[in-house]
Amino acid sequence: MLRTRWPLLAFLAIVAALPLLPVPEFWITQLNYIGLYALVVLGLVLLTGVGGLTSFGQAAFVGIGAYTTAWLSTQTGVSPWLALWVGLGLTLLAALVLAWLTLRMSGHYLPLATIAWGLSIYYLMGTSEALGKYDGLLGVPALSLGGIDFNQGRSIYYLIWGLALLGALALTRLLDSRVGRAIRASKAGPGGSAVMAEAMGVSSFRCKVVIFVIAALFAAVSGWLFAHFQRTVNPSPFSLKMGIEYLFMAVVGGVGQVGGAFAGAAIVKLIEEQLQVWLPALLGGSGSYEIIVFGIVLVLALKYAPDGLWPMAVKALRRRVPARERARDWADAPPLPARSKPTPGELLLDAQAVRKEFGGLVAVNDVSFQVRAGQIVGLIGPNGAGKSTTFNLVSGVLPLTRGAVRFRGQPVGALGSRQIAERGMSRTFQHVKLIPEMTVLENVALGGHLRSRKGTLAAMLRLDRAEERQLFREAETQLARIGLGAQGHELAGNLALGPQRLVEIARALATDPALLLLDEPAAGLRLKEKQALAAVLRQLKAEGLSILLVEHDMDFVMGLVDRIVVMEFGTLLMEGTPAEVQASPAVRAAYLGTEH
Ligand code: ADP
Ligand code: MG
């Protein structure tokens, strides 16, 4: 443990010792600001770095936390510790309303909404009589708890850094949990895919709301501390300019990493201090010249260190410190709950005249076919025939233009992919959708999302470990099943395309499906790997699983499947046994003909 954790332990020791050393008051103050900023930036690490959502409005949430406690403690005499909870409640309310208004819309609405939000809160604070207008509220009391007064820089330092480090700990734990994986999966933008997340049973909307709320609450705690640290509040620290600066800190530090929040807050704060002294002296006159420098740094950082500075430092350290592998503590964990399996021969999937039109293009033209329990059905046809679109219709990724789909006797044509996943259909994607910066095991564990329950708070408090062990045991079992048992600790992004497809199959298996939908599972595999995959699929079939698969490799399909559905130009050409399909002149002409 010492070998891998010494940088962290050294950091904690330094943080704890600093106020006891003869460090000038000025530096203690600086450190207090850095801790306050880091708390806000931690929220942005989660929201922007992990979740892919941008907010310029974090300063406004800081303002709510600060003004609530300042107003309550100066005007009503309420204890600041109670005011903290009131501030958090107000922040929660505001964040939920904002999330509800904007998060269902596409990506650009949230940043715009947070700008509007940041401006309106700032002007509300600046113009409200009760809040002291632009002069703010004076005489905010110092915090005290159990006889300890936090009325000095050196004492509140421990409160600020204690809470900032607690926040960092909670966040680290959250990211390494069921909810954390779901958040990563539903990330907006590169590296994440809401479509995949939903197909694994994750509500991507809910994930976005959760991270938006957490980021807002972190900011509110920072504001509460800020008010009792400064002992006065006025609107300027909560302006849009500060909101942008918080985002700047996150970008400089490295938006994806918890440590980056501290690095970014420290660097920006210290450089800003220096620039505010030197630039006006250098350039003459007075003005916020540092903003120009920040702009230049931002451009340079995005160009040369797009992941921020912290990941670069981590990489340099990693050369000497081995990466931490997740300890394999799940060997004797009980299995996850399993669903009741269909009886062999039961009608499992019934697609009735399903149709999809994209504008004028009929991608799937009234196609009907069935899959019975215990069968492997192949869906073949030339490129562009509509196979993937058919998959998307059946699995709820795309809405039907017309037609009906029944799964295990129930109509599912109107359901979304999350509800269909709940009912026991799981799928892979033609264009592989893994989370590259998560390990193979973590990616597969995402498949167990619907078979597990633990939420955000449980993860932050580490009350989810028993269930985590179950999830990882399941992931390991499924990986071993498809022959990737040895690669569990590798980052998914480092695998070749063939193995990545296999990981997707393992992830789908981790959902404990009744029907497995595989879109070109053998593409990119070598002959040996294909043979191994065929053996796995036969094994799955023998265990009672039903499979619908799209595949181009005729030899692979013919030797494996019970029935074949042939599509061409969106229509169903024929449906039959492999022998019937091979004997059909129409299929030969339309499909096999083009292959040879
Ligand atoms: P296959 O998987 O059989 O190769 P697809 O289902 O991917 O075929 O595509 C069938 C047809 O539908 C193609 O002509 C493709 O260009 C079109 N298509 C697929 N998805 C979309 C979409 N989202 N918007 C418009 N056209 C699409
Ligand atoms: Mg396709």
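In the range 33-42 there is no residue that is assigned to a helix (DSSP H, G or I), surrounded by 13 or more Cβ atoms within 10 Å (Cβ to Cβ), without any contact (Cβ under 8 Å) to a residue 12 or more places away in the chain and not hydrophobic (A, V, I, L, M, F, W, C).
Of the residues making up the range 346-395, those that are touching a strand residue (DSSP E or B) at 6+ places or on another chain (Cβ under 8 Å), over 25 Å from V536 (Cα atoms) and within 13 Å of ligand 1 (Cβ to nearest atom) number 14. Number of residues in the range 366-393 that are within 13 Å of ligand 2 (Cβ to nearest atom) and of a type in the set (V, I, T): the value is 3.
Figure legend. Inter-residue proximity from the range 367-389: first residues under 24 Å from A523 (Cα atoms), second residues within 8 Å of ligand 1 (Cβ to nearest atom) and assigned to a loop (DSSP other than H, G, I, E, B), beta-carbon distance below 6 Å, spacing 6+ or different chains. Indicated pairs: G386/G570; K387/G381; S388/Q430.
Considering the range 368-394, and only residues there that are open to solvent by 10 Å² or more (accessible area, probe 1.4 Å) and in contact with a helix residue (DSSP H, G or I) (Cβ under 7 Å, 6 or more places away or on another chain), the residue that is modelled with the lowest pLDDT turns out to be P382. Inspection of the range 189-206 finds a residue satisfying the criterion of being under 30 Å from R501 (Cα atoms), surrounded by fewer than 20 Cβ atoms within 10 Å (Cβ to Cβ) and in contact with a Gly (Cβ under 7 Å, 6 or more places away or on another chain). Test L336 against the criterion of being in contact with a helix residue (DSSP H, G or I) (Cβ under 8 Å, 6 or more places away or on another chain) and farther than 28 Å from R453 by Cβ, and give yes or no. When the stated conditions are applied, L336 does not pass them. L84 passes every criterion in (1) farther than 30 Å from A17 by Cβ; (2) at pLDDT 90 or above; (3) crowded, with 20+ Cβ neighbours inside 10 Å apart from (1).
Consider the range 254-311 and keep the residues that are over 31 Å from the mean Cα position of the chain (by Cα) and of a type in the set (S, T, N, Q). The one that is least open to solvent (accessible area, probe 1.4 Å) is S288. Exactly one residue out of E580, E551, E575 is closer than 28 Å to V364 by Cα and either in contact with a Ser or Thr (Cβ under 9 Å, 6 or more places away or on another chain) or in the same structural domain as A185 (by TED's automatic domain parsing) (or both): that is E575. Tallying residues that are of a type in the set (D, E, K, R) and open to solvent by 60 Å² or more (accessible area, probe 1.4 Å) within the range 347-367 yields 2.
Residues of the range 516-528 include none that is hydrophobic (A, V, I, L, M, F, W, C), in a helix (DSSP H, G or I) and open to solvent by less than 40 Å² (accessible area, probe 1.4 Å). Scanning the range 409-431 for residues that are open to solvent by 70 Å² or more (accessible area, probe 1.4 Å) and either touching a Phe, Trp or Tyr at 6+ places or on another chain (Cβ under 8 Å) or more than 19 Å from S203 (Cβ to Cβ) (or both) gives Q410, P411, R423, H431. Whenever a residue of the range 101-128 is closer than 17 Å to Q58 by Cβ and assigned by TED's automatic domain parsing to the domain that holds Y67, its partners that are open to solvent by 90 Å² or more (accessible area, probe 1.4 Å) and of a type outside the set (D, E, K, R), lying with C-beta atoms within less than 6 angstrom and at least six residues away or across chains, give the pairs T102/Y109. Picking from residues in the range 539-574 that are within 16 Å of ligand 1 (Cβ to nearest atom) and within 19 Å of E346 (Cα to Cα), the one that is surrounded by the most Cβ atoms within 10 Å (Cβ to Cβ) is L548. Restricting attention to the range 73-80, does a residue exist that is open to solvent by less than 10 Å² (accessible area, probe 1.4 Å) and part of a helix (DSSP H, G or I)? Among the residues of the range 73-80, not one is open to solvent by less than 10 Å² (accessible area, probe 1.4 Å) and part of a helix (DSSP H, G or I), which makes the answer no.
Matching residues to (1) open to solvent by less than 30 Å² (accessible area, probe 1.4 Å); (2) hydroxyl-bearing (S, T, Y); (3) within 20 Å of G52 (Cα to Cα):
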| position | (1), (2), (3) |
| --- | --- |
| V97 | no, no, yes |
| A116 | no, no, yes |
| I121 | yes, no, no |
| R154 | no, no, no |
| S186 | yes, yes, yes |
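The values are calculated or read from the model by the stated rules, or taken from the named source; none is laboratory data. Predicted, not measured: the structure shown is a model, and the values here were computed from it. Quick reminder, even Gly has a Cβ in these numbers, built from the backbone with ideal geometry, and neighbours come from all protein chains shown. These accessible areas exclude ligands, DNA and RNA; they are computed on the full protein's heavy atoms, side chains included. Shrake-Rupley method; radii C 1.70, N 1.55, O 1.52, S 1.80 Å.
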